Each structure stands twice: as C-alpha cells, then as structure tokens.
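The values are calculated or read from the model by the stated rules, or taken from the named source; none is laboratory data. None of these values were measured; they are calculated from a predicted model. Counting neighbours? That spans all protein chains shown, and the Cβs are built from the backbone with ideal geometry, glycine included.
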Amino acid sequence: MRRLVALALVLSGTVFLSPHEALRSAEPAPAPKVTAPKAHFGFNLGDDYCLANYEQYAAYLAKLEKESDRIKVVDIGKTAEQRPQLMAVVTAPANHKRLARYQAVAKQLANAEGVTPEVAKRLAAEGKAVVWIDGGLHASETLCAQALAETIYRFVSATDAESLRILDDVIILFVHANPDGHDLVADWYMRDKEPKKRSLGGLPRLYQKYIGHDNNRDFYANTQAETRNMNRVMYREWLPQIVYNHHQTGPPGTVLFCPPFRDPFNYNFDPLVVSGIDAVGAAMMQRFLAEDKPGATTRSGARYSTWFNGGLRTTAYFHNMIGLLTETIGSPTPSRIPFNPALQLPRADLLAPVAPQEWHFRQSVEYSVTANRAVLDYASRHREPLLYNIWLMGKNAIERGGKDSWTVTPKVVAAAKGGRGTDAYQKFFRDPAKRDARAYVIPSDQPDFLTATKFVNTLTGTGVSVHRATGAFTTGGKKYPPGSYVVKSAQAFRAHVLDMFEPQDHPDDFAYPGAPPTPPYDAAGYTLAFQMGVQFDRVLDAVTGPFEELKNEIPPPPAQVVDADRAVGFFLHPRTNDAFRAVNQLLAAGEEVRRLTKPVAVGGVKHPAGMFFVTKKAGTQKRLEVIAKALGTRFVGSPEAPGVEAVALKPARVALVDRYGGSMPSGWTRWLFEQFEFPFTVVYPPDLDRGKLREQFDVIVLVDGMGGARGGGGGGGGDQPPESNVVDELGLPAEFRGRRGSITPAKTVPELKKFVAAGGTLLTIGSSTALAGQLGVKIENHLVEKGADGKEKALGRDKFYVPPSVLRMKVDPAHPLAWGMGDETDVMFANSPTFRAPAAGSGLDRVGWFESKAPLRSGWAFGQEYLDGGAAVLDAAVGKGRVVVYGAQVLYRAQPHATFKLVFNAICRAGTGG
C-alpha cells in the first residue's frame, strides 16, 4: 500500500517520470556522500556577488572524483596559458566499467564506414547516448561555468529516478571550454572585498590569451590550444550525438534564447541535424513551461542561425551532431529584466512571456540546470534513435559521396526560375557538369604545398579522413605526383569536407522587398581552401590510386639543401609563407640574409625579385639542413652571390598596437606573428603618444578597429566589457597600468606622422586605414554614388552590403608587397574600405584591386558590382617612410594564408630600410 500511495503522489506531481521511474523514486537510492558546492566554495553557486574561479572548480572536480564512482575527470590537454583543461565524464558506475566499449560504439556508429543497418541497430541498442555539455567558453559570460559545476554536483549526488535513468542511459561529457578566461574573469570580479562594489567592467585583457570572444569562431580552423583539445574529443575520440554550448546573455526582455534557430541553415549538412535540433529544442521548451520558468524565446527571438561553420556548436552540424546553443541572462551582480510591451504578448517564438523584475544569479543557474536536464532527459528517452540516426546520417553522406549527387544552392534555384517541367529540372538541378565532387585532389607540386599541408591538418584535426599518394596516379585525365593529398567525399563528415572546399552561396536575406539586407549571424562566406590559397581539383568520378590514410596530423614534408657543392650561398623562394619563418630563424641566429630587389640571373639561373639569399658561413649549411627538414623550406645552392641588387635584411623592430581590454584582431595578429617567428613588441596608445617611435621601431601595425571604431568581432557578442566601469589607474594591477586610452588626432597622429616621416613603416588594416588619410595619404572612397544634388555620398546598405565573405582580388606580383604571389588571390572582405584607383603622380601604388563586377567567390555580396575598379591594398611613400593601406581583411582571424605575404613582405621591406 505504501508503494502504491508513493506511486500516486509522484505521478500526480510531475510530467517527467514514467511509472517505472515513479516506483524507483518511491524507494530512493542511498545518497552518495559528496561535498556540496557551498561546503567547498564557501557559497552556493549562483549566490549574489560570488564567483568561483577555475582553480577552485578543478579542485572541486578532484574532490568529487574521490567521493563518487559516477565521475571520472580527464585532462584533455593544456590551455594557451598551460592550465589543464578538464572534462568530467559522468555516468552510472556500471557504465564507467565499460566506458571504453561505449566510446568505441559511439565512434563506430558516427564514422559509419562498413556498418550495415543490422549492425547499426544492434550497436544502437547496446550503446549509450553521449552528450557534450560545456561552460565558460566566453569567460565574461560568467553563468555558464558556474552552472556547469552545479549540474555536475547534482548528477553525482542525485537519488531521484529521472537522474538515475539518465545516468544509466547517457554518458555526459562536461567540458570546461576556457579555463584561462575563467580564472581571469572570476578573480577580477572577486578582487574587491566589498561585495556590492564588485564589477565585471574594465577587464584588462582578452579572456582567451590571443583571441578572446573569437574563440567561438575557431572550430573549423582549429588554431588555438583549447579548440584543438575540444575538437579532438568531439570529432576523433568521443563523437557525441548532442553538443550543447552554453552562452550568455539572452535577448533583452526575455530570460534566454534556446533552439530552434532562424533560417538560413547551411544546405551542406543532413536535414536530420535540423530536425534533431528542433526536437531537442521542443523538449527544452516543454520543460521550461512545465517547471513554470517563463521567458524562453526561439527562432525570431534572436539572430542565431545554423549557417556558419566555425562555432563550437555549429561545426558539430557538419559532423552529423545536434548542436545546441542557449543564451541566458544573469550576472553575479543582481540585474533587472526590462519592460518591453511587445514581449508581453505570447507568440510561437515566445510562448510564455516573463514579467519585468529584479533578477538574481541563482535564478539563471536554475534555468541552466533545467535546460541541461531537458537535453539529458531527451537523450535518455531517445537513446537508440540518437545512436542510430548519427549512423544513418554518416551512411547517407558516404553514399552521396560515392555516387552522382547534386547540391541545390540559392544560385541554382535563381537560375531555374521560370523553368517548367522535367526537362527544366534536369537542366538546372541534374546537370552532369555541375554534380558534386567525389574527391578533391591537392597536388604536391603547387607553389605553397606547405600551406596546403596545414590545410590538410585542419581537416584531420576535425575528424576528416584524408589520404596521401605514395606514388604517382592519374584521375580525371590528369596525372598527379607522389605526396599529393586526396580528400574523398564518401565519408561520414562529407558535409564538412564540402564546406571547406566549396563556395558558400548565402541566400539573399531581406525582411521584406526593399528592406536592407539582414546581417548573418557571422561570416557569410569562409571557404578555408580559398582563404588559404590551396590549389585543388574537383574530381567528379571515383578516384583510386596508391593511397595511404593519414591517421593523425602530419608534419610538413621535409625539404633539402640542394646544389651545396661549391655554393657560396643559398637561395630561398618566397612563394611559401614558411620561407619568412625560415628567414626569421636565420636572422635570429645571426646569419646573413639578403633579398633581391629585382629579377636577376645569378650563376646562369634566373631568379625573380623577392628571392632570399643566405650567405654561406661556417655552420650555415648545417643550420639550413635543420630548417629544411623541420619547416619544409627548400634551399638551393649558388656558386655565385648576387650583387648590389640584393639588399641586406635585418630583423625589423615591429610594434603591434593593442588596447586596454584587448583587441581580438590584435590578438590574432600576435598569435600569427608568433607562429611565423616575427619578433614584435605589443604597445598601447599611451606608448604611441609618448613619441620617439622611430628610435624604437621600424614598423607599427594598426589592426582593424584601432583607428577609432572597434572592429573584428564578427558577430555574436563582440569584444570585452567596456572601460566605463574600470577602476582608476592606481587601482589597476601594475602589469595593466599605462594601457588605457585611445588613438587620437590630437596626440597620437602627430607622433605617427613623425615616425613615418623619419623612415618608419605604418601598416593600417580595415577601419584603421582612416588614419592613413590623417597622415596625408590621399585615399578616396570608391564606394560612393552621386546624390540628387550632384554631390558624392557613401553607398548605403540598401545599395551595398558585403558581410565577411571571400572575394577574388587582382594583385601586382612585381610590387615588393606581393613578391612570391601570383597575379590574383582570394581575399577576405567584410564591408571593408575600398579606395579609388590612385592617379599618376599621387605617390600611391596599387597593389591589390577588384577587376570584375562579380568578384564574389564565397558568401554574399549585395551590390558587388560597385567594387569593380576599386583598390583593396595601396602602398604610399610618405617622407622617408611608407604607409600601407589594407582595406581588405588580409589577416582575418589568422585564416587567409593566401594574403599573409602582403603583410610579411611589408615587414621584411622595413628590415631592409626600404
């Protein structure tokens, strides 16, 4: 009787428990003896004015691991600042005993290769759902890491039937996404002993060592330490079916945004991904409503979409995983939900409006825990379909990649408008010449094969299968040399392969006819093969040959020092980006390096302008052999040395300008300079204002956003908190003093003028090119039209709009800034400044420009015809110095390797005194 009464009470009080679970809840399991958060941290997670840092979090996980057999803590790798990045694997004790088996099942199903439907069904019945839940990626979004710890505690301590069922059915990967930023932000907030004086304002630097908020834009490029750790877990080791990425903050007037997302979604990934997102989103909404947690909005409630590849939850789509994002309000300092009358009327995308009210951090923690439980409950109840569907999507991808298939894009649809009947369908949607590639071949004899190898490593680092030719082979009527790479599309992650090789065709997105374009969530076009300047061939039929599969990321193909006998020195071609890294190593070692300023014949061999020449001294050849093997740069001996046409190089003294709080474009550039071993010093506007710049530096780099307006965020949150709440200068830690301030016309520009006039080189990128005009460089806006009054005015967004996209740019390879490049390249463009072609005698050289009414290669370019004839890169002689104007984003997120030389060459030129 007691059991029946208990069953009735439980059933009447919840919509989440099955009768079986209700019986189990009537006889709760013994409570595990684990330490509650307050006993460890000294406060409840979510208490007002309190934040636990990562050091405390890591210690708490270690304590829970000792106390509970439900949790195993795994160090997945070191962060940029060398902290351990921890993943807590939480599941039932019995599952931990067979963890390796369940991991193998998840991998086998996700990779799909060779798995029959019968085997897939058996594995799905045997396996456990794997769900990734992270927190802390954007460290100033403080809720996410605190809720992560709270959820872990609840699952290792729970005795209720639902939690026990979830633990039986699901393996939960709780991953901290940004340990370094967590310590920085929490310690900054907690530094004041008086709770009500605590503030997140004035954070002194980026909350990821190099890229701050852009750490959620790195997942296809795979550059940062934390990204690489997480990608390895997601796409090579565990392959979860659901990836849940927590963020903050929700749209004003609501509590949070949760899936489903708004259109457009990317046409490359499987529609089961989208339906899966919708299904889990519905489960989340159901739970919020059932628990009387109003204020959740979806779809049109925010601008989040599923178009962009590169975010933590979005790269997952291209790997057949259900990627989730929530954006939840809340702060350790109490806040308010503002009153917005329009958000008080229920609608399909806001079923339960929330009243304006004071809001406390703990409320946000509870919403986050509810969201986590909803996702995990869904995974438990749909364990077998989740496992089976990830196999099914992989199987579908393999089948599509192994036969003739076509991808429908907006351009195809637009071309077919007006067509009628089956013939039109065949013409536009089944044109044999426009079918999808069966494979992509990357020849090993291309000019910069070292960068192509880096591209291949980004693919393998995200789980893509890549093959390398062990001998010559022929396909599509073309012969390829040994060492070439082959990326077949008949693989589970075909969607990711296509998205990295093929142009993105972003649809025109207007709220209504005549409306200005609706901005995409992030980049509209980003094809990584284009950005990196990789030469490849699309092969439309099956490819076979002497291939070996690359199991891991690979080092650069080693090169040699050739023709060393009787050599007085060695030539190094600038066609490879890594040639500049080799030169930097040589200069640092004290070797003598010179550079050809014009084409010459030396020893009967013609050499183009820009070639490096390394004079042979004792130990030089041995050093070159080490570099050639490690970097893959080839050195060719010469029996004669070039004459006066070769000028001596020295390490240029480079100043990279940053700002208090951190600039993401500056951070990306810092990371890039480190990779290529350019010596540099980070400076701040007050350093520039103090003057005497030419005595200290040869080059000053002003990245996008340094000329006034901030830039480079790329959508989804932007930069760090503003300086408005920063403490006074003396209240700052010593290492951050002297950094505050901005570049100003009154103080900074005069010092920059002196620097350039005295022979310095100033590099301006993106919006910072406005400073070039203040220095007297006669640049004029190309993107203008004449108004009714006959005067020119800048084009409005109703005429011209290009969100981050890849465009084709013409290049003058004879110009010193373009040495080593071809006569055209792909370049990233983000509503970038574009200039009129310089007039003769203006002192301006045109280095890169647009020579087409349709330069778009990948993405979206509304009004792109206006770019025709406009200059993207200009070089100006000013006094004894130079000002380089890069309107286009030549260093965008350290991805466009194809345009790195435009900056590397400028730095080298400054090292020659030119």
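At-a-glance table
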read-out	value
Candidate set: the range 677-702, residues that are of a type outside the set (Phe, Trp, Tyr) and part of a loop (DSSP other than H, G, I, E, B); chosen: the one surrounded by the fewest Cβ atoms within 10 Å (Cβ to Cβ)	Lys692
The range 107-121 residues that are at pLDDT 95 or above, paired with ones that are in a loop (DSSP other than H, G, I, E, B) and aliphatic (A, V, I, L, M) (beta carbon under 6 Å, 6 or more apart)	Lys107/Leu239; Ala110/Leu239; Asn111/Ala492; Ala112/Ala492
Tally of residues being in contact with a strand residue (DSSP E or B) (Cβ under 6 Å, 6 or more places away or on another chain) and among the aromatic types (Phe, Trp, Tyr) across the range 624-677	2
All positions within the range 404-419 that are exposed (fewer than 12 other Cβ atoms within 10 Å of the Cβ) and part of a helix (DSSP H, G or I)	Lys411
Pair list, Cβ < 6 Å and 6+ apart or interchain, from the range 865-880 residues that are touching a residue at least 40 places away in the same chain (Cβ under 8 Å) to residues that are among the basic types (Lys, Arg)	Ala871/Arg846
When residues of the range 525-547 are limited to those that are buried (at least 16 other Cβ atoms within 10 Å of the Cβ) and of a type in the set (Val, Ile, Thr), the one nearest to Ala437 (Cα to Cα)	Val539
Verdict on Ala62 being assigned to a helix (DSSP H, G or I), among the aliphatic types (A, V, I, L, M) and modelled with pLDDT of 95 or more	yes
Sole residue being crowded, with 21+ Cβ neighbours inside 10 Å and either under 27 Å from Asp218 (Cα atoms) or of a type outside the set (Gly, Ala, Ser) (or both), chosen from Gln103, Gln146, Gln108	Gln146
Selection status of Val568, more than 23 Å from Val654 (Cα to Cα) and surrounded by fewer than 20 Cβ atoms within 10 Å (Cβ to Cβ)	yes
Pair list, Cβ under 8 Å, 6 or more apart: the range 536-559 residue closer than 25 Å to Lys403 by Cα and in contact (Cβ under 8 Å) with a residue 40 or more places away in the chain, other residue of a type in the set (A, V, I, L, M) and part of a loop (DSSP other than H, G, I, E, B)	Arg538/Ala437; Val539/Ala437; Leu540/Ala437; Glu549/Val466; Leu550/Val466
Residue count, the range 285-304 (criterion: in a helix (DSSP H, G or I) and within 27 Å of Pro519 (Cα to Cα))	4
Identity of the residue in the range 149-193, surrounded by 24 or more Cβ atoms within 10 Å (Cβ to Cβ) and among the polar types (S, T, N, Q), that ends up nearest to the chain's Cα centre (by Cα)	Asn178
Of residues in the range 254-294 being among the polar types (S, T, N, Q) and touching a residue at least 24 places away in the same chain (Cβ under 8 Å), the one nearest to Val365 (Cα to Cα)	Thr254
Condition met for Gln85 (modelled with pLDDT of 95 or more, under 35 Å from the mean Cα position of the chain (by Cα), buried (at least 18 other Cβ atoms within 10 Å of the Cβ) and closer than 26 Å to Leu123 by Cα)	no
Residue match in the range 696-710 (condition: touching a Ser or Thr at 6+ places or on another chain (Cβ under 6 Å), modelled with pLDDT under 95 and within 30 Å of Gln585 (Cβ to Cβ))	yes
Residue ID - surrounded by the most Cβ atoms within 10 Å (Cβ to Cβ), chosen from residues in the range 747-787 that are among the aliphatic types (A, V, I, L, M) and part of a helix (DSSP H, G or I)	Ala772
Odd one out for Glu674, checked against (1) part of a loop (DSSP other than H, G, I, E, B); (2) charged (D, E, K, R); (3) not assigned by TED's automatic domain parsing to the domain that holds Phe570	(1)
Hits in the range 221-244 (condition: part of a loop (DSSP other than H, G, I, E, B) and over 22 Å from Ser666 (Cβ atoms))	Leu239, Pro240, Gln241
Failed condition for Pro260, given (1) assigned to a loop (DSSP other than H, G, I, E, B); (2) over 19 Å from Asp377 (Cα atoms)	(2)
Which listed residue, of Ala92, Ala125, is among the aliphatic types (A, V, I, L, M), under 24 Å from Pro37 (Cα atoms) and modelled with pLDDT of 95 or more	Ala92
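Here's the yes/no breakdown for (1) over 23 Å from the mean Cα position of the chain (by Cα); (2) within 21 Å of Pro264 (Cα to Cα):
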residue: Val466; (1), (2): no, no
residue: Thr475; (1), (2): yes, no
residue: Lys478; (1), (2): yes, no
residue: Pro481; (1), (2): yes, no
residue: Met500; (1), (2): no, yes
residue: Asp508; (1), (2): yes, yes
residue: Pro516; (1), (2): yes, yes
residue: Gly525; (1), (2): no, yes
